[in-house]
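Take a look at the structure set out below.
The values are calculated or read from the model by the stated rules, or taken from the named source; none is laboratory data. No experiment lies behind these values; they were computed from the predicted model shown. Positions of Cβ are generated from backbone atoms using ideal geometry, with glycine treated the same way; all protein chains shown enter the neighbour counts. Heads up: the accessible areas ignore ligands, DNA and RNA and are worked out on the full protein's heavy atoms, side chains in. Shrake-Rupley method; radii C 1.70, N 1.55, O 1.52, S 1.80 Å.
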Amino acid sequence: MASPAAGGVVIVGSGLIGRSWAMLFASGGFKVKLYDVEQQQITNALENIRKEMTLLEQSGSLKGSLSAEQQLSLISGCGNLAEAVEGAMHIQECVPENLDLKRKIFAQLDRIVDERVVLSSSSSCLLPSKLFTGVAHVKQCLVAHPVNPPYYVPLVELVPHPETAPATMDRTYALMRKIGQSPVRVLKEIDGFVLNRLQYAIISEAWRLVEEGIVSPNDLDLVMSDGLGMRYAFIGPLETMHLNAEGMVSYCDRYSEGMKRVLKTFGPVPEFSGATVEKVNQDMCMKVPDDPEHLAARRQWRDDCLMKLAKLKHQVQPQ
């Protein structure tokens, strides 16, 4: 068996995101300690990870070069935070998205860690400057925001606090690459980071188009899944522009006036309430009823699709 990579990783919080991180780090050969406040939650999480890894191995989708059994042997539970973080080189916080709760965790960690460990939060929208207020080890702190489900979607947004040391960003970037994720450096903090700002821009215009009776909710989704999304699975909006003309300068020369004209017609931020919610909900529930069973089955289907897409992307990646 390959020896575990030097320095362990601690996951604080054993929910869905915490379990995914544990699996990703184990796939890279790292020893992982999973910490939670209740022993039963740790036990449940380890059992869940075992089931999931076994299924992944059976379907040929397990990440890394180690077997499921070898990866599972790298993951252990720990109910004592001070014991868990001893000798760790990276701590990934995965508690619920609650500012007070996260700040409490980082205050606890701040008292017991040394100068060598990176303190990383999985927060999807809390700004590092709010999250790490008063933390003495602030140079070692950053947000590493994964995309749900992290095991199948490799993007991780690395967002620094204004005082985060460049070495902290570099180390975390290298670590994410090592476990097969695709880290991006957000050069300074901004509300919503990058992924959610782009996502909200799309959701906002999608909502307005449905609200104004331009297109049905199902057809709107089709424009993305069978149109823009096909391209965006492989290239981003800027490369799309570059390829859709004789390069970027040519694209801007040709289309900037039209883009500005259309962008000026965009309406205000929607309320996401009232009749439009009912209309969209009705169409979505006809496709996927919103009871737990149907939603879980559809999520499983989505994850299977993402797994197959990830394999395809790996095969067609330009050298």
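Output ³J(HN,Hα) for segment 306-316: one whole-Hz value per residue in order, computed from phi by the Karplus curve 6.51 cos²θ - 1.76 cosθ + 1.60 with θ = phi - 60°, and x for Gly and Pro. Calculated HN-Hα couplings, in order: 4, 4, 5, 5, 4, 5, 4, 4, 5, 5, 9 Hz. Backbone amide hydrogens, once placed in the peptide plane, bring K31 within less than 5 Å of A5, V9, excluding anything fewer than 5 places away on its chain. Quick one: helix 275-287 against the long Cα principal axis of the chain, what's the angle to the nearest 10°, folded into 0 to 90? Tilt relative to the chain: about 70 degrees. What residues from segment 272-308 fall in the zone where the backbone N is under 20 Å from a label point 7 Å along the Cα-to-C-beta line of F234? Within reach of a label on F234: 305-308.
Remark: spin-label model distance R177-S67 equals 3.2 nm, labels positioned 7 Å along the Cα→Cβ axis. Taking H placed 1.01 Å from N in the peptide plane, check which residues at least 5 places from L62 or on another chain put their amide H under 5 Å from its amide H. Here the answer is E57, since their amide H atoms fall under 5 Å of that of L62. Express in whole angstrom the spacing between the alpha-carbon centres of segment 110-189 and segment 55-102. So the separation of the two Cα centres works out to 16 Å. Subtracting the Cα-Cα distance of E212 and D290 from their residue separation scaled by 0.36 nm leaves 25.6 nm. Stretched out straight at 0.36 nm per residue, the stretch from F266 to D191 would grow longer than its current Cα-Cα span by 24.9 nm.
Our coupling estimate for segment 47-53, obtained by passing each phi through the Karplus curve with A = 6.51, B = -1.76, C = 1.60 and θ = phi - 60°, is 5, 4, 4, 4, 4, 5, 5 Hz, Gly and Pro reported as x.
Kirkwood hydrodynamic radius of segment 1-117 from all distinct Cα pairs, in Å? Taking every pair of different Cα atoms in segment 1-117, averaging 1/r and inverting gives 14.4 Å. FRET efficiency for the pair S59 and E205, taken as 1/(1 + (r/R0)^6) with r the Cβ-Cβ distance and R0 = 41 Å, rounds to 0.65.
Of W207, W21, the order by accessible heavy-atom surface (1.4 Å probe, DNA, RNA and ligands excluded), from most exposed downward, is W207, W21. Accessible surface computed residue by residue for segment 168-209, with neighbouring protein chains in place and a 1.4 Å probe, gives 58 Å² per residue. Across segment 238-246, coupling constants 3J(HN,Hα) worked out from phi with the 6.51/-1.76/1.60 Karplus curve, θ = phi - 60°, read 6, 5, 4, 4, 4, 7, 7, 8, 8 Hz, and Gly and Pro carry x. Multiplying the residue separation of Q40 and M224 by 0.36 nm and subtracting their alpha-carbon distance yields 62.1 nm.
Its Cα centre serving as origin, the chain has a Cβ charge dipole (Lys and Arg +1, Asp and Glu -1) of approximately 780 debye. With axes computed from alpha carbons, what is the tilt in degrees of helix 195-211 against the longest principal axis of the chain, rounded to the nearest 10 within 0 to 90? Rounded to the nearest ten degrees, it is 40. Dividing the summed helix terms, -39500 (n - 2.57) for each DSSP H run of n ≥ 4, by the number of residues in the chain produces a 222 nm estimate of -15500 deg cm²/dmol to the nearest 500. Taking the protein heavy atoms of segment 68-139 in the context of the full set of protein chains, the accessible area attributed to carbon and sulfur is 50 percent at 1.4 Å.
Any chance you could check the Cα centroid distance between segment 287-313 and segment 241-271 for me, in angstrom? If we compute the Cα centre of each part, the gap is 33 Å.
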